[in-house]
Each structure stands twice: as structure tokens, then as C-alpha cells.
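Student: Have a look at this one.
The values are calculated or read from the model by the stated rules, or taken from the named source; none is laboratory data. Nothing here was measured: the structure is a model prediction, and the numbers come from that model. To get the accessible areas, we keep the full protein, side chains included, count just its heavy atoms, and leave off ligands, DNA and RNA. Shrake-Rupley method; radii C 1.70, N 1.55, O 1.52, S 1.80 Å.
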Amino acid sequence: MELKDIFRNSSNQILEDNKELLEEHDLINILGSPNKLFLKFLNSKNLNINEDEITEDLIDEFENSLDSINLKLAKIKRQKEIIFKERRVWINVAKGDEWIGTDLHLHHDSITIDETKEKILYTEIDEIEISDGGWSKNRFRIITCDDEIEFEINEEKAIPLKEILEDNIAHQNHDEFDDLLELLGLYEDGVISKEEYELRKAIIYSDDRYCTNCGFKLDKDCEYCPDCGHLVDE
């Protein structure tokens, strides 16, 4: 019997016996069936499924697969899009000797300005300043480590915009999913090989320290990799 038929009915004994384990690893969808990517993985293993064969080791193997990483990244992206509703705010930007009206867009990870095509990630923002501007306006200044954006906005919208930006900045936690997303992009663009992708992924998942140049496992106090001599990244 094919796996899709084994798990078709949520009351099936095999599913019931493994449901707690699958739910613990977020592999049950809202309809009560196993995740399709997990079923695809099980099919690739050519298993004759019974209640003893869906084990922690099997799930760990799936969670280290490319499909599982894509699944996690898609989930994180959906969560961020829920938290950071896209908004737009009318602002004035300086163009020569005059101020031009345009839209500032707030995305889940950044802001962009229509007129200037500028984009700044929330993770790049160091400081936000508000001062008096033109008539019924406030001057808004966003400062990053190597750039700044300045524009004018209606007084009643200045403080709410500052609070939205600060809230979005606070929620931009850089964790292993951000690293995985960047790594996956490098792999899909052909910048790194499958072997290097797997090596770097293992480093991201591990609490141990590894050389970012050659992958050699490092002692806690190493300043230089004993294998290749590369300066250890802090």
C-alpha cells in the first residue's frame, strides 16, 4: 500500500500511533494529515511503513533535508508577513530645491521610498530622529551605519511611524533561519556547491565552532584555524 493511502484516513492506527511524534515536529497539517514533503521523504526511503518505523532518527534525517529547510523558511516567511503588515505613508522628499510627495512603504523586513528607490532593512537602522520641519510637518531622519534617509511627514504621523519602525526593528531577530535563508539563496544561485551547502548548514545547526573557511572543528579559544590558518570569525 502506498504511503498516501496508509495515511489517508486520520483515524488510521499507524497515523494515530505516530501522531504525537509528528505533531511535536510540526509535521501534521491543519487537516490532520502528515505533511506532504515528509510523505515524499518517506517514499524516497522505500519503507514498508509500520508503527515502529517512524522514529526520531527518521524525522531527524528529514529535518536535515533540503525540503525540510524550505518548509521551515516558508513558515518563517509567513509568520513575518503576518506580524509585519505592509503599510504605506505619504511623505515629502527633497529633490533639488523643492520637496516632492511620494509613498514610503513599510514591508515585513525593510522600508522603501518610491521617488528615490531607496531601500533600508530594519536590521540596518541604528537611530531615528524627529525634528521640526516645514509647515505642519516634522523632519524625519533614519540613520544607518553607512547611510541616512531624510524626509518630511505630517506631524500627527511622525510619532506613530517612529513607533512602528522601532517595533519592526525589535522583531527582526537574526537567528539560524536568517542564516539558512541566505545560505539557501547562495546554493540556488549556484554560488556554492551542494557539498559546501551541506557543510555550512551543519555549522549553522551546530553549537560547536567551526572554521568558516574550511569547516574544521575548532577549540573554544582558537584565534586561527589550526588546519588552514584562517582567522576565526567572532
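Student: Can you list residues whose amide H is under 5 Å from residue 88's amide H, if they're 5+ apart or on another chain and H is modeled 1.01 Å from N?
Tutor: Counting only residues 5 or more places away or on other chains, the set is 106.
Student: A follow-up question, please. How much accessible area per residue does the range 57-150 have, in Å², with a 1.4 Å probe? Before the final figure, lay out each step's value.
Tutor: Details: 5610 Å² over 94 residues.
Ligands and nucleic acids excluded, the figure is 60 Å² per residue.
Student: Continuing with this model, one more query. Hey, what do the phi angles of the range 181-198 turn into as Karplus ³J(HN,Hα) couplings, whole Hz, using 6.51/-1.76/1.60 and θ = phi - 60°, x for Gly and Pro?
Tutor: These are the phi-based 3J(HN,Hα) values: 4, 5, 5, 4, x, 4, 5, 5, 7, x, 6, 10, 7, 4, 5, 5, 4, 5 Hz.
Student: Let me ask you something else. To the nearest Å, what is the center-to-center distance of the range 103-123 and the range 137-182, using C-alpha atoms only?
Tutor: When both Cα centres are located, 9 Å separates them.
Student: Is the shape of the range 59-164 best called rounded, prolate or oblate, per the rule: a/c under 1.5 gives rounded, else a/b larger than b/c gives prolate, else oblate, with a ≥ b ≥ c the square roots of the Cα gyration tensor eigenvalues? Don't skip to the answer; put the middle values down first.
Tutor: Values: a/c = 2.94, a/b = 2.72, b/c = 1.08.
Cα axes put the range 59-164 in the prolate bin.
Student: Under a 5 Å amide H to amide H cut-off, with H placed in plane at 1.01 Å, what residues pair with residue 118 once short-range neighbours are removed?
Tutor: Correct list: 113.
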